[in-house]
Structure formats: structure tokens, C-alpha cells
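Undergrad: Sharing a structure here in C-alpha cells format.
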Number of protein chains: 2
Amino acid sequence: MAESLTPDAERPSGEVQEGAVAVHADDGREAALILDRARESVDPELRSAFALLPAQMRRVARYHFGWENPDGTPADGSAGKAIRPALVLTAAEALGGGAARAAAVRAAAAVELVHNFTLLHDDVMDRDVTRRHRPTAWTVFGTADAILVGDALQALAQMMLARDPHPAAPRAAARIAACVIELCEGQHADTAMESRAPDEVTLDEVLTMAEAKTGALIGCACAVGALYAGADDEAVDALDAFGRAAGLAFQLIDDVIGIWGDPGRTGKPAGADLAARKKSLPVVAALTSGTPGAAELAALYGAPYDQGDLERTVLAIERAGGRDWAQSQAADRMARAMDQLARAIPDPALADGLLALAEFVTRRSS
Amino acid sequence: MAESLTPDAERPSGEVQEGAVAVHADDGREAALILDRARESVDPELRSAFALLPAQMRRVARYHFGWENPDGTPADGSAGKAIRPALVLTAAEALGGGAARAAAVRAAAAVELVHNFTLLHDDVMDRDVTRRHRPTAWTVFGTADAILVGDALQALAQMMLARDPHPAAPRAAARIAACVIELCEGQHADTAMESRAPDEVTLDEVLTMAEAKTGALIGCACAVGALYAGADDEAVDALDAFGRAAGLAFQLIDDVIGIWGDPGRTGKPAGADLAARKKSLPVVAALTSGTPGAAELAALYGAPYDQGDLERTVLAIERAGGRDWAQSQAADRMARAMDQLARAIPDPALADGLLALAEFVTRRSS
């Protein structure tokens, strides 16, 4: 349901700087260290959790995580960048120090399991054939196994939390379960939107969908970290809002790159999202702008895709203000994220790790 | 993943009495009262839970539960017999009285949500088109919505438990999550078995699969009830074993009825399971019996179904001892169930409700 935050190739640099205020200038090195450390912390928890699965289901899970090839031999595939567990651990450490970080490792692994359960199911629903440079699990093991392993990963996540004696565990479990419902809602809205005419989709709807699909679990990860640090409700909610806003900024920028990014760097053919008639944020902003560009775009989107129309489509979105809107919205969401971060963690030195991660996901510092 | 315990029509009476010891002679009336009371207790919890879903997903859930037609108008469909929530509540009451029963209502609803999440997903995986006399949810709302609503029901179940302040809630949540993994394992084994040659499936495998698919959640329901009564570990485990054994007895009897039951009463065409080459318990017992009937059955099962072969197939299973084995196994499992019940609840007066439910699911008293 959520985007993976792990695009197939590096994002183009400098594409979406406009309107955004770069705060970190370390080129993502701090974020990379935080992510590596998070992966080291949660991987043993994930491996123990998978050991509870029967052999064939474990194989599907380990394949999906990039640890094994379909035949069970070790693989050097990517398990994703561990953004969400890193947010759990970094939020816990920022608000509660090293002890809180250590206490939150299990919850961080649970959040990663939930994220991957939704990816397994999304790929089945969307019939997507590639994930993290490899064939999706359902194309390798069949739809039934992909559904079952997704179901089992959700159960494993909740089992880990139910067995966690930390006083924050029940609230974290409730928050994660509520987030799963929101993720389902986002995926549902996305699927339903695909079959509707372009002029029937409002900007509010697509923003709500993007927040549910992408922002909700990023926010939840931050909130769970705060819970394990024993933070008060206000700080927990502020960190949730921080993650949601940063997640939405990420989605806006990702959509911009999907249209204006360099195919050589995004790893996707030029115009793939437009060819698929995706109702991405810049497209819906353009369609609902009431400009001449909107009418032209609606006519183009109403007809089957023709490679020859690609440039005209891109230009129509630009003329209708879709790109400018998305970039200024992304900057606005990042500003909101920073406000919420400062509310939750007033000391900039303590907030620095979360800031680095937020910038990493939106690639503003790249 | 689990059988519904709610066949499309009444089971034939007297079919499977052989070898079984009838204890209750009230024709299921006590069980019917317990089930009605359970439905009354948990339905408000379920309705509140569904209110947390977005409108379209709520519609799928309410349709699946038999409360609404596809267009959202009220329906008088059956939501199933509420066996599992009734087991939770009856176990809680037997071990902890009325207060424990009242405290366990939320957990009983959570168990019912888990059961229905697995049914929604099983129907997608098995491409089953009918459930409780109506078209399955995926045939009405599409595969994506059936998967998403299943995911959301699992999340709702865990959310209810995570928000339940009762001291037993975390252990119940962990037990239910572990049970989901076992249900997935059973469904996985069942799906994998379908594509294997009949002579490659062992009786142990098919018994393990049936226990995981059918016994595990029945046992879990009983154990959850015991947890809410504050029972000690021994009683909790004994009630789990009671439910597992009764669930397996149910499955054995259900498989016998699938072959020898009166189609006019089972609601299924004669030989439907055999035509589908199902590796049901009596069939695998026959195939692995090493008798001449086994060889004949293997030859018949190895060829495409021919209506003219139905009688020969049924007779081969009987000659190979498949029917006798299943009936004596069912009696044996029920005897084990009774032993475990007496261990957990020595006072027969207190154990009476659980006994009535066990007999109801195995229809020994009908």
C-alpha cells in the first residue's frame, strides 16, 4: 500500500530543489549511517521472527526481503533502506536516549514487517512484477503464497508487540493496527481511483490517499519510537505529524520525478506514469486547475496513450501549474514537518537524526 | 483458511454415529441457545469495529458478514453460527463466571474477526464462489477489496485487543497472532497439496494440515476464554487441546459427509469433493492403506474425473478402510477432547456448555 521509498535507481539531484530549503549539507551521509545501524539492529529480530514460519513460507519472506534467491540460496538483494525502523529507533533515541532505542528494536522490526506485508499484498493487487530490482514474490511463488506470507507478516508483527513486556507495547500495537487500516484505506482509494475518469478525482482525494498510503506509516514509525521513549501524548502526536508531512513531501517529489526525472537515473522509462494514466499528485493538480492546460491534459488523458503525445502531456501539466504546485506543496509539507519536529524535540542537536532521515527520504540534500 | 463450520445445509443425522459416544441428547438445543447469546454479545462489538473502516470497505465487511446486500441495503444473510466467539465466552464463563464472560466479549469479537479475515482470503486463493449461500465477497467486490478488507479485519482484531485494558489481553493477542500463522500454514499446506500427486501425500501431513486449518482457531478460542477467566497455564493449554481435538473431529466427520452424505441434505452434489480430487482425510487414509482398494483408488484418482466412476471410487475408499478409519479417528479425537475438557474443568456442570458446543460442531447429537 505504501510506496517503498526505495526507488529502483538514485533520484536525480537538483530536480526538486526549487522552493525547498536545504538544511543538511552532508549529502545524506548521516542518514546512511543511521539506516545502516537500524538495519543491523532489526535484522536479527526479523530473522528470529521468520524462524517461526514454516519452511516454504519462510522462503517467500526471505526472498521478498532480498536475503535469498527463489531456490533458497543466499542473495545480495536489497531489503529496502529500513527507513521506517530507522525512524522508530531514531525517534526513541532522540526522546529517551540509548536505552529507549534499545527497548524499541522489537517495535522497529514490527513496523518493518507491517511495511513489507503491505508491499507483498500491494504487488498482488496491482499485478506489479518488479520490486527492488527483482521479480515480485507473487510472480515467483504464486498469488496464494504472497497473500499468505503477507498475512503471516502482519501476525508476526503483532505477536512481537504482544510479547513485548515494555509498557509502551500495547499503545504501539494499537497505533500500528490503526495504521494498517489507514494503509488499506489508502490502497483501496488508489485502486478505486484508477478506474474513475480523470475529471472525477479531486485534489483533496488524491492528497488524502497519498497521506494514507505513504504518510501514515512514516508518521506511525515516529510515534512508536516516541512511545518507547515514554514521551507525552503531545510529543507522540507531533512526531506522527512530522512523519506524515515528510512522507507526503516525499510522495509529491516522487511524483514530480516520475514525470520530469531523468529516465537514466530513475530507472523507469520516460513517461511510464503518464503512459499508465496514473492520477499522480501533479497530474490531478493540473487537471483540477481550471486552466487551458487542464482542458488539454484532460483530452490527452481521456485517450489511449500515444508515445508521440508524451511531450505535449508533460507540457500541459507544466502549463496547468502541476509541477509548480507539487514543488511548492512539497516545500510546504517539509516546513510543516520541521515545525512539528521542533515541537516534539526542541533541542536541534537531539532532533538532528530525524531531520537527516526526513531529508533523506525527500532527497532534498542529494 | 479454516473451514466455516457452517455448511450450506444441515448435516445428515445418524451418518456418523458409529464409534462415537453421544453424551448430549438435547438435539443441539443448548448449543443453539449458547450460539444465539454469543451472537447477541459480539455483534455490537463487530459493528463498532466496522465503523472504523472507510465506507466502501465497511460495505464489503458487512456484506461478507451477511448483514447487507451488495448495494448496502439490509440483508438477512447468515453471519455464520458464531461458534468461535461462543467458545471464547463459554470457556470464560465456565472458568470465571459471568464477570469473565462479560470481560471476554471484545476478545470473542476479535476471534470472530480473525476467522472472517481468513475466510475472505481463502475464498480469493481458492477461487471459491459461494460462501454461506451467497456469492463470495471477491466475486462481488473484486479481489483487491477482498484482500484489503481481510487485512483490515486482522488489524481490527489486534487493535481491539491492544486497546483492551484487561490483564489477559496481551497474552490473548499473542495467542491469536500465533494462531493466524498456523492458519496460514494450514492453508499453505492445503494449497500446496492440491498440486501434488495423490501418492505423495502422507496421512500425517493431511492430519497436520487439518489441525492447522480447522483445529487451531477452535483451540485458540477456548484458550482465549480461559485466559480472560484468569485460568492457570495448565487449564488454558488443556482447553486449547480440547478445541483442537474437537475441531479435528469436526473435520473428519465433515470429510466423511462430503463423500457419504446425502446430497439432498448436504447441499453439495454427490461426489463433488471426489470430482475435485480433494485429498480429504478418508481419501488419504485409503490411499496410504496399502490395500488393494488403495491401488484401485490411486488409479481412479490419477485419471480425470468421470461421473461413471463415482460409485467405484466411493467403494474403493470404503474397501481401503477410509471411512472406518475416519469414523474411528473422529471418535478418538472426541474422546481426547472430553479428557482435556475434564482436565481443564473437572465439574461436569460447569463444563456442560463447552461440551454442548463440541457436540454441536461435530453434530454427534443431531
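What follows is calculated from the coordinates using simple rules that are stated; it is not laboratory data. Bear in mind the structure is a predicted one, so any value in this text is a computation, not a measurement. All Cβ positions, glycine included, derive from the backbone under ideal geometry; neighbour counts span all protein chains shown.
Undergrad: Once you measure Cβ to Cβ distances between cysteines in the protein assembly as shown, which Cys have no partner under 4.7 Å?
TA: So far as the 4.7 Å Cβ criterion goes, A:C184, A:C222, B:C184, B:C222 stand without a partner in the protein assembly as shown.
Undergrad: Placing the label point 7 Å from Cα along the Cα-to-Cβ direction, what are the distances from B:R47 to the equivalent spots in the other copies, shortest first, in nm to one decimal?
TA: Distances between equivalent label points, in nm: 5.1.
Undergrad: Using +1 at the Cβ of each Lys and Arg and -1 at the Cβ of each Asp and Glu in chain B, identify which of B:S328, B:P44, B:A109 lies farthest towards the dipole's positive end.
TA: Comparing the listed Cα positions along the dipole, B:P44 ranks first.
Undergrad: Okay, moving on. Taking the convex hull of the Cα atoms, report for the stretch B:261-366 its projected area averaged over all directions, in nm².
TA: 7.9 nm²
Undergrad: Quick query: amide H of A:E68 versus all other amide H atoms, modeled in the peptide plane; which residues come in under 5 Å with a sequence gap of 5 or more or a different chain?
TA: Those qualifying (amide H under 5 Å, at least 5 residues apart or on another chain) are A:Y63, A:A75.
Undergrad: Another question, if that's okay. Shape verdict for the protein assembly as shown, please, from the Cα gyration tensor: rounded (a/c under 1.5), prolate (a/b greater than b/c) or oblate.
TA: It comes out prolate by the Cα gyration axes.
Undergrad: Fewest to most neighbouring Cβ within 10 Å: what's the order for A:R101, B:R163?
TA: With the fewest neighbours first, A:R101, B:R163 line up as B:R163, A:R101.
Undergrad: Among A:P198, A:P85, A:P292, whose mean-square fluctuation peaks in a Gaussian network model of chain A (Cα, cutoff 10 Å)?
TA: It is A:P292.
Undergrad: On alpha carbon coordinates alone, what is the Rg over Rh value for chain B, Rh being the Kirkwood radius?
TA: Reported Rg/Rh, Kirkwood definition of Rh: 0.97.
Undergrad: A follow-up question, please. Taking just the C-alpha trace of the stretch A:323-366, give me its Rg and Dmax in Å.
TA: Cα radius of gyration and Dmax of the stretch A:323-366 are 11.3, 35 Å respectively.
Undergrad: Put the label 7 Å from Cα along Cα→Cβ for B:T202; what are its distances to the other copies, in nanometres, shortest first?
TA: So the label point of B:T202 gives 6.1 nm to the other copies.
Undergrad: May I pose another question? With a ≥ b ≥ c the root eigenvalues of the C-alpha gyration tensor of the stretch B:134-192, is it rounded (a/c under 1.5), prolate (a/b larger than b/c) or oblate?
TA: Note, shape of the stretch B:134-192 comes out oblate.
Undergrad: What are the ³J(HN,Hα) couplings of the stretch A:147-156, residue after residue, when phi is run through the Karplus curve with 6.51, -1.76, 1.60 and θ = phi - 60°? Round to Hz, x for glycine and proline.
TA: Computed from phi, the couplings for the stretch A:147-156 are 5, 5, 5, x, 4, 5, 5, 4, 5, 4 Hz.
Undergrad: Restricting to lysines 8 or more places apart or on different chains, can you count the pairs in the protein assembly as shown with Cα atoms under 30 Å from each other?
TA: Lysine pairs satisfying the spacing and distance rule in the protein assembly as shown number 18.
Undergrad: Considering the rotation that carries chain B onto chain A, locate the chain B residue whose Cβ comes closest to its axis and report the distance in whole Å.
TA: Residue of B nearest the axis onto A, distance in Å: B:Q158, 2.
Undergrad: I've got another one for you. Report, for A:D128, each distance to the same residue's label point in the other copies, shortest first and in nm; define the point 7 Å along Cα→Cβ.
TA: For A:D128, the other copies' label points sit at 3.0 nm, shortest first.
Undergrad: Can you work out ³J(HN,Hα) from phi for every residue in the stretch B:201-213, in order, using Karplus 6.51 cos²θ - 1.76 cosθ + 1.60 and θ = phi - 60°, giving whole Hz and x for Gly and Pro?
TA: Karplus-based 3J(HN,Hα) across the stretch B:201-213 equals 9, 8, 5, 4, 4, 6, 5, 4, 4, 5, 5, 5, 6 Hz.
Undergrad: Let me ask something additional. What is the dipole size for the stretch B:290-366, taken about its Cα centre, with +1 at each Lys and Arg Cβ and -1 at each Asp and Glu Cβ, in debye to the nearest 20?
TA: 140 debye
Undergrad: Please list, in chain and number order, the residues 5+ apart from A:R131 or on another chain whose amide H is under 5 Å from its amide H, with Hs placed from the backbone.
TA: A:T136
Undergrad: Follow-up. Specify the inter-centroid distance of the stretch A:90-122 and the stretch B:55-112, based on alpha-carbon positions, in whole Å.
TA: What the calculation gives is 32 Å, centre to centre.
Undergrad: Translational diffusion coefficient of the stretch A:140-236 at 4 °C, 1.567 mPa s, Stokes-Einstein with Kirkwood Rh over Cα pairs, in µm²/s as a whole number.
TA: For these conditions, the coefficient is 84 µm²/s.
Undergrad: Across the residues of A:181-194, average count of Cβ atoms on other protein chains within 10 Å?
TA: That average works out to 5.
Undergrad: Which ³J(HN,Hα) values, rounded to whole Hz and listed in residue order, are derived for the stretch A:238-243 from phi using the Karplus coefficients 6.51, -1.76 and 1.60 in 6.51 cos²θ - 1.76 cosθ + 1.60 with θ = phi - 60°, glycine and proline given as x?
TA: Working through the residues one at a time gives 5, 5, 4, 5, 4, x Hz.
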